[in-house]
Amino acid sequence: MNRVRVLVFNAALGALDYSVREGMRVEPGAVVEVPLGPRRIIGVVWEEERLFAKGVPVEKLRPILGVVPVPPLSAPLRRLVEWVADYYVAPMSAVARMVLSSGGALAGPRTMTEYRLVDGAKPPRLTPQRKKALERLDGEQATIRELAEIAEVSEGVLRGMVGAGLIEPVEVDIDRPYRSADPDFDVPTLSDDQRGASQRMIELVREGAFAPLLLDGVTGSGKTETYFEAVAEAIRLDKQVLVLLPEIALTENFLRRFEDRFGAKPVLWHSSRKSTERRRAWRAVADGGAQVVVGARSSLFLPFRNLGLIVVDEAHETSFKQEDGVRYNARDVAVIRAQLEGAPVVLASATPALESMQLAANGTYEKLDLPSRFGGATLPDIAVLDLRETPPERGRWIAPPLVEKLAERLDRGEQSLLFLNRRGYAPLTLCRHCGYRFQCPNCSAWLVEHRLSQRLACHHCGHEVPPPAACPECGEPDCLVACGPGVERIADEVAELFPDARTALVTSDTLTSPEKIAEFVAGAEGGAIDIIVGTQLVTKGYHFPELTLVGVIDADLGLEGGDLRAAERTFQQVAQVAGRAGRAAKPGEVLIQTRHPDAPVIEALAENDRDAFYEAETEARRDAGAPPFGRWAAIIVSSEDEAEARDAARAIGGIRPDHPDIAVFGPAPAPLSLLRGRYRYRFLINARRSAKLQDVIREWLGQFDFASGIRIGVDIDPYSF
Ligand code: ADP
Ligand code: ZN
């Protein structure tokens, strides 16, 4: 009888040994079913020497029950699981679970239902939506959701058509192939800079060895066109490609561009897709049938068979950082995955993270530059509007000089964009009578008024209530006062100032479906919108030719709070939103409203002097021992019981590590000291680069065995601190 080591999906157990029956073949990476007590659980066979398990004599071992019929996890993917678990101080089983269960790959039917138009159905009368669906879905067969995306109608419209006998279901095999992308479908003519950068990427794709690249291109330089040529080369060589996007809202736009270039859609991956769609994608990635996958950060854990290129688009984006469960940074894990797979990885951004710039400066990353906009467009003029000198009128937020510029644009028939990174109508609501502030019962956060949906909502846990008729504290009726602006309030102000202007409010509350996103993009591209008011959702990816004015309502918003990354984040956000202006023939102009015109980050933005910003920021980080010079980690101790959380944090703090290269601060109440009903205490740890930070943390926390209500989360390289 043979012994095999199995990584079981149980964090406390980790690895267990099992025996293998005569005639059964299992290799490392095989997904197996094993007995655990009375249950059957899933596990992955691992190399024995890489994983510790208690030594049990072979005759006492229980046998493996069966091998799950999916391709075994490849050696590079197993090494990735080990690396992520080790670096982020997470249980290996939790990481392996991300590989397997996210795919829904293991269980479920082998067929799925797709839909297509019924041949020759001749409907007498049609609504415009149904007519559009009939025109656009000719020859298409896909899930309802995918058809809705193709036709740009709602899923409800299509379901209605199924009911009316216009669309019919078809049962199909889950392993049928995706339509393949054609690398030569519509090849663009590149500019010289673009050609230089894409040639280098193509060369590296051909070499098929690890190479980290920073594609540093100004907004509108055509980074996508440029890396698409490397994608094309990988397809020609029959290698797989992964493109990571920071936000699902950006995928619509990306899918369309991809299809224009390659004649077929890539395989889309994110965790909110239906489980059959995920199962199909997971299996296709594993057997090589999925050539190009576009996805959110979790797609890094897909079982690629022959990965030839990874692209992280908008690589500076904070949403690449996973903030619960296994807390990892997808940008960094992408580089590791590329290294393990022996493939080039491209980090594309107009405003790279300081860490990435530093790695390029010291030669670890190769830098490819696209210093100018495509097609002769120039970068916009940026001016600072000092709110202390020209304040807006009382109860308004748009200062007179910006109002004037907006009026000019309206006269000229050009488009403007007002940016404020705050959803809702007002961030804080008070009772005018007693001063009561509406607070979330589950979080230490104010409730945000949403006037469109008539709700007071918590942006952290989703708790919502209708605005009460009277103050819950003093009983005064009609007492609510909105404090401060959100984008809804700015949109109201625009409507008052320019009643005839066509405006669009763009936030995750209004762009809630692919249909609405498509409608907005079509309107904005076609010049049917005069003034766009939006959150960070409009700061990236879009290319609106008529847009010539960008107004930043409050550049100081992100600078408050003392976060070490505040300046970098402000720089990135403002530079990205500024980058929407003047991308085509007409030059663009940007006005930044601020009360701190001499803050270094605002000055650098106004001077369009990126280097000055990176230099100042580098010095600040060096002084603070912050990344990339030193390292930080956070430990969050939480419980639903306040005293329990505090006691646990104190116990941990009582035997803190004593290490010359590591300083531990805390415990202190975490910035959100109550979050989703859990009280949180935090330690911050600052370490020299050379210190073995993870080992110290593992050893420190390994000494405790707390009650099950206490959770301890480790955050290596936390985003904000
Ligand atoms: P970035 O991502 O660098 O801000 P984009 O990739 O969005 O820039 O490109 C800006 C615009 O210029 C897009 O509309 C894109 O289609 C267009 N463009 C860029 N390069 C080319 C090219 N070589 N040929 C045709 N159009 C291009
Ligand atoms: Zn809340």
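Since every read-out is calculated from the coordinates, none of them should be taken as a lab result. Predicted model only: the values in this text are computed from it and were never measured. Note that we place each Cβ from the backbone using ideal geometry, even for glycine, and neighbour counts take in every protein chain shown.
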Study note, to complete from the structure: Gyration tensor on Cα atoms of region 271-343, a ≥ b ≥ c root eigenvalues, a/c under 1.5 rounded, else prolate if a/b beats b/c, else oblate, says oblate
Practice item. Report the relative contact order of region 428-483, percent, no decimals, based on alpha-carbon pairs under 8 angstrom and at least 6 residues apart. Key: 36 percent
Check your understanding: What residues qualify as long-range amide H neighbours of Val312, i.e. H under 5 Å apart, gap of 5 or more or another chain, H built at 1.01 Å from N?
Key -> Leu244, Val346, Leu347, Ala348
Check your understanding: Quick one: of the DSSP bridges fully inside region 192-370, what percent are antiparallel, nearest 5?
Key -> 5 percent
Practice item. Before anything else, pin down the relative contact order of region 323-477: Cα pairs under 8 Å, at least 6 apart, normalised by residue count, whole percent. Key: 9 percent
Practice item. For Leu73, list long-range residues whose amide hydrogen, built 1.01 Å from N in the peptide plane, is under 5 Å from its own amide hydrogen. Key: Ala30, Val31
Review point. Using Cα pairs under 8 angstrom and six or more residues apart, how large is the relative contact order of the chain, in percent?
Key: 11 percent
Check your understanding: Which trypsin sites (Lys or Arg not before Pro) does region 642-721 hold that lie in a coil by DSSP with at most 13 other beta carbons within 10 Å?
Key -> Arg689, Lys692
**Study point:** Cα lying deepest toward the dipole's positive end in region 107-188, options Leu158, Pro123, Tyr178, charges on Cβ
**Key:** Pro123
Review point. HN-Hα J couplings of region 59-76 from phi, Karplus 6.51/-1.76/1.60, θ = phi - 60°, integer Hz, Gly and Pro as x?
Key: 6, 8, 6, 8, x, 4, 7, x, 9, 6, x, 10, x, x, 5, 5, 4, x
Revision key, fill the gap. Residues whose built amide H sits under 5 Å from the amide H of Ala343, excluding neighbours closer than 5 in sequence, are Phe210, Ala211
Exercise for review: Go through Gln703, Ala645, Pro669 and say which Cα lies farthest out towards the positive end of the charge dipole of region 630-716; charges sit on Cβ, +1 for Lys and Arg, -1 for Asp and Glu.
Suggested key: Pro669
Check your understanding: Which pairs, out of Lys321/Lys516; Lys405/Lys540; Lys122/Lys516; Lys239/Lys692; Lys131/Lys265; Lys54/Lys321, put more than 25 Å between their alpha-carbon atoms?
Key -> Lys321/Lys516; Lys122/Lys516; Lys239/Lys692; Lys54/Lys321
Review point. Per residue, what volume in Å³ does the convex hull of the Cα atoms of region 111-173 enclose?
Key: 75 Å³
Revision key, fill the gap. Residue by residue through region 595-610, the couplings from Karplus 6.51 cos²θ - 1.76 cosθ + 1.60 with θ = phi - 60°, in Hz, x for Gly and Pro, are 9, 10, x, 9, 4, x, 5, 5, 4, 4, 5, 5, 7, 6, 10, 4
Study note, to complete from the structure: the chain: antiparallel bridges as % of DSSP beta bridges, rounded to 5, reads 55 percent
Exercise for review: Compare the Cα positions of Val45, Val481, Leu684 along the charge dipole of the chain (+1 at Cβ of Lys, Arg; -1 at Cβ of Asp, Glu; about the Cα centre) and return the one farthest towards the positive end.
Suggested key: Val45
Check your understanding: If you place +1 on the Cβ of every Lys and Arg, -1 on the Cβ of every Asp and Glu, and leave all else neutral, what size is the dipole of the chain about its Cα centre, to the nearest 20 Debye?
Key -> 2380 debye
Point to revise | Low-density loop positions, trypsin sites (Lys or Arg not before Pro), region 563-619 - DSSP coil, at most 15 other Cβ in 10 Å | key: Arg595
Check your understanding: Most exposed first by the Cβ proxy, i.e. fewest other Cβ within 10 Å, how do Tyr436, Tyr365 rank?
Key -> Tyr436, Tyr365
**Study point:** region 16-106: trypsin sites (Lys or Arg not before Pro) falling in loop per DSSP and having at most 14 other Cβ within 10 Å
**Key:** Arg21, Arg25, Lys54
